[in-house]
Amino acid sequence: AQSVAQPEDQVNVAEGNPLTVKCTYSVSGNPYLFWYVQYPNRGLQFLLKYITGDNLVKGSYGFEAEFNKSQTSFHLKKPSALVSDSALYFCAVRGYGNNRLAFGKGNQVVVIP
Amino acid sequence: KAGVTQTPRYLIKTRGQQVTLSCSPISGHRSVSWYQQTPGQGLQFLFEYFSETQRNKGNFPGRFSGRQFSNSRSEMNVSTLELGDSALYLCASSLDLRSGRAGNTGELFFGEGSRLTVL
């Protein structure tokens, strides 16, 4: 079965500082990895994905993520956080051949002005 | 291109009632999945439909059911509502992984959700 762990409940960062949200995964075979963001009372918005190829993937709103196969990690990063980045971030994994996503519990990111 | 549309956005029911939620996927997407989001359990997979057939099912009781129509629109139904069914129900659509379309990696696109409150 596929699963995701997001070890921190909340990530606090000062505006302008680098932001990192951690994610580790478990899946049989090659992983399909995703990051989504959720604002209050909204659905999930797709940020970026890793399927194959370059381990550093770039996504929307200046976010990027680094895939590390040996550490089974897929950490989300942003070089300079904005107050508007404050939201709930979800990491998700899907095994090959199915559309079922396993989500982590989510990380609340708070960017302090 | 229109996104995933869910209706209603908000609804209040009482215990024992039933509820039907609707989802219209992105045009051309034939796979529709449903997820339940609660503060305690996070995001949990309910089921996935493709070409009017349930392809995957999560660990939810039989009170939770769904269906998909020939135009790919989907509905989910919860019968005999319990207080614990209060949640945000999210629908997601995607291209099928086996569609063969170039660049298709099957990411899910979510609607805004239907927030159900059971009193």
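Residue-level check: of (1) within 28 Å of B:V4 (Cβ to Cβ); (2) away from chain B (no Cβ under 14 Å); (3) buried (at least 17 other Cβ atoms within 10 Å of the Cβ), A:V13 misses just (1).
Does A:F34 qualify as being closer than 27 Å to B:Q6 by Cβ, away from every other protein chain (no Cβ under 14 Å) and open to solvent by less than 30 Å² (accessible area, probe 1.4 Å)? In short, no.
Taking the condition under 21 Å from A:W35 (Cβ atoms), within 13 Å of the chain's Cα centre (by Cα) and either crowded, with 16+ Cβ neighbours inside 10 Å or at pLDDT 95 or above (or both), does B:A87 pass? So B:A87 fails the test. Cβ-Cβ distances below 7 Å connect no pair with a first residue in the stretch B:45-59 that is open to solvent by 80 Å² or more (accessible area, probe 1.4 Å), a second residue that is among the aliphatic types (A, V, I, L, M), and a separation of six or more residues or different chains.
For the stretch A:75-99, a residue qualifies if it is crowded, with 19+ Cβ neighbours inside 10 Å, within 14 Å of chain B (Cβ to nearest Cβ) and either touching a Gly at 6+ places or on another chain (Cβ under 6 Å) or not small (G, A, S) (or both), and the qualifying residues are A:Y89, A:F90, A:C91, A:V93, A:R94, A:N99.
When the stretch B:1-39 is limited to residues that are of a type in the set (G, A, S) and either open to solvent by 70 Å² or more (accessible area, probe 1.4 Å) or under 12 Å from the mean Cα position of the chain (by Cα) (or both), the one that is farthest from the other protein chains (Cβ to nearest Cβ) turns out to be B:S27.
The residue pairs whose first member lies in the stretch B:106-119 and is more than 7 Å from chain A (Cβ to nearest Cβ) and closer than 16 Å to B:S33 by Cα, whose second member is surrounded by fewer than 19 Cβ atoms within 10 Å (Cβ to Cβ) and not aliphatic (A, V, I, L, M), and whose beta carbons are closer than 8 Å, counting only pairs six or more residues apart or on different chains, are B:S114/B:T7; B:S114/B:P8; B:S114/B:R9; B:S114/B:Y10. Filtered by the rule that a residue be touching a residue at least 12 places away in the same chain (Cβ under 8 Å), within 11 Å of the chain's Cα centre (by Cα) and open to solvent by 40 Å² or more (accessible area, probe 1.4 Å), the stretch A:65-74 gives no residues.
Do we find a residue being at pLDDT below 95 and within 21 Å of B:E112 (Cβ to Cβ) anywhere in the stretch B:7-19?
no
For the stretch A:13-67, a residue qualifies if it is acidic (D, E) and modelled with pLDDT under 90, and exactly one does: A:D54.
Residue-level check: of (1) part of a strand (DSSP E or B); (2) modelled with pLDDT under 95, B:G106 misses just (1).
Restricted to the stretch A:37-63, and to residues there that are open to solvent by 20 Å² or more (accessible area, probe 1.4 Å) and under 18 Å from A:Q108 (Cβ atoms), the residue that is nearest to the chain's Cα centre (by Cα) is A:Q45.
The values are calculated or read from the model by the stated rules, or taken from the named source; none is laboratory data. In this text, all values refer to a predicted model and were calculated from it rather than measured experimentally. Note: ideal-geometry Cβ built from the backbone for every residue, glycine included; neighbour counts use all protein chains shown. Please note that ligands, DNA and RNA were not included when accessible areas were found on the heavy atoms of the full protein model with its side chains. Shrake-Rupley method; radii C 1.70, N 1.55, O 1.52, S 1.80 Å.
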